[in-house]
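The values are calculated or read from the model by the stated rules, or taken from the named source; none is laboratory data. No experiment lies behind these values; they were computed from the predicted model shown. Here the Cβ is made from the backbone with ideal geometry for all residues, glycine too, and neighbour counts use every protein chain on show. For the accessible areas, the whole protein counts, side chains as well, though only heavy atoms, and no ligand, DNA or RNA atoms are used. Shrake-Rupley method; radii C 1.70, N 1.55, O 1.52, S 1.80 Å.
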Amino acid sequence: MRWLFLIPWVLFLLGLLPLGLQEPVGDLGQGSGLLLAAFLLSGVASLYSRFPVAFSVQTALVLGLGLLAFQLALESALRLTGLTPPPYAYLGGVLGALALGLGFFLGTGREAPLLPPLSRVGTREDLLRMAGALEGLALRRPLVLVYLGTSASPEAILRELRRGDLAFQVKGGYLLVLQVGRPEDAMGLLRRLRERFPLSAYAVERWQGGSLERVLGRLEAEVLLQG
């Protein structure tokens, strides 16, 4: 919603309230640096109100970054005025961290956006580079992995992918990541691929979180046994 971008700026101004109680007489150097950091963080937080994710995720991200901006602004104001920090002075940082954590769990749930499709079949290095994003998605929304032992060209494999599917070249073939689908969909895809290409071996696994390298090792071992 349009008003969401205002939240970080309201929190930023709330953090500066001690400046209304006393003129700056404290540490001007560090106080000014923290003030600049809080201002920039508020600007970044307001940009997340246009982030293309579900509204609940948007809200958690904006609120989390806004609370961190509030924390920096408050610390800046306290340093500038020389006032003693109250017992609850660090509550904004704690709440901000919790809100960002909530944003992660909401963003990796069923409402999480699909990873953008690759314009080509990725390499193993591309796969490992995306490991963190894939592990985050698999943690909350199961992914279906299909390991193919085939000599088909990358272009031919790419033509068979559906919207949201990713493909990577791995040892002895390809790894397909079905972001939207069930194991039954994977079997339908395998039947279609067998009609078009010679498959020496294949393995399918419903991945529900954990290390990408570990699940990749299991699939490679299964394909090796078939070979």
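Need one number: nm distance between label points at Arg182 and Glu155, each 7 Å from Cα along Cα→Cβ, rounded to one decimal.
It works out to 3.7 nm between the two label points.
Computed from the coordinates I sent, log10 I(q)/I(0) by the Debye sum over Cα atoms at q = 0.09, 0.15, 0.18 Å⁻¹ equals one of (i) -0.38, -1.05, -1.43; (ii) -0.45, -1.18, -1.46; (iii) -0.54, -0.91, -1.15. Tell me the label.
Derived directly from the coordinates: (iii).
How high is the relative contact order of segment 124-225? Use alpha-carbon pairs under 8 Å, at least six apart in sequence, and give a whole percent.
Worked out over segment 124-225, it gives 39 percent.
Contact order normalised by length for the chain, with contacts defined as Cα pairs under 8 Å and 6 or more residues apart; what percent is it?
Computed value for the chain: 18 percent relative contact order.
Taking the chain as a Gaussian network, where each spring joins two C-alpha atoms under 10 Å apart, which residue of Val25, Val215, Val180 fluctuates the most?
Ranking Val25, Val215, Val180 by mean-square fluctuation puts Val25 first.
Suppose all protein chains stay in the model; what accessible area per residue would a 1.4 Å probe give for the chain, in Å²?
Accessible area per residue: 54 Å².
If you add up the charges near Glu205, with Lys and Arg at +1 and Asp and Glu at -1, over every other residue whose beta carbon is less than 12 angstrom from its beta carbon, what do you get?
Once all neighbours under 12 Å are counted, the net charge is +1.
Roughly what angle does helix 6-15 make with the longest principal axis of the chain, taking Cα atoms, 0 to 90 degrees, to the nearest 10?
So the helix axis and the longest Cα principal axis differ by about 40 degrees.
Quote the FRET efficiency, to the nearest 0.05, computed for Glu23 versus Ala97 with a Förster distance R0 of 25 Å and r equal to the Cβ-Cβ distance.
0.20
Order 121-134, 53-66, 156-169 from most to least packed using the mean count of other Cβ atoms within 10 Å.
53-66, 156-169, 121-134
With axes computed from alpha carbons, what is the tilt in degrees of helix 55-81 against the longest principal axis of the chain, rounded to the nearest 10 within 0 to 90?
30
Could you work out how far helix 28-47 tilts from the main Cα principal axis of the chain, as a 0 to 90 degree angle to the nearest 10?
So the inclination is approximately 40 degrees.
May I ask you to derive the FRET efficiency for Val44 and Ala131 from their Cβ-Cβ distance with R0 = 30 Å, giving the value to the nearest 0.05?
With R0 = 30 Å, the Cβ-Cβ based efficiency is 0.70.
By how many nm would the segment from Tyr88 to Leu16 lengthen if fully extended, with 0.36 nm per residue of separation less the alpha-carbon distance?
Answer, rounded to one decimal: 24.4 nm.
Before anything else, pin down the relative contact order of segment 5-109: Cα pairs under 8 Å, at least 6 apart, normalised by residue count, whole percent.
For segment 5-109, the relative contact order is 39 percent.
Show me the ranking of peptides 140-153, 92-105 by mean Cβ neighbours inside 10 Å, starting with the highest.
In decreasing order of mean packing, 140-153, 92-105 become 140-153, 92-105.
Quick check: pseudo-label points 7 Å beyond the Cα along Cα→Cβ at Leu115 and Arg206, how many nm apart are they?
2.1
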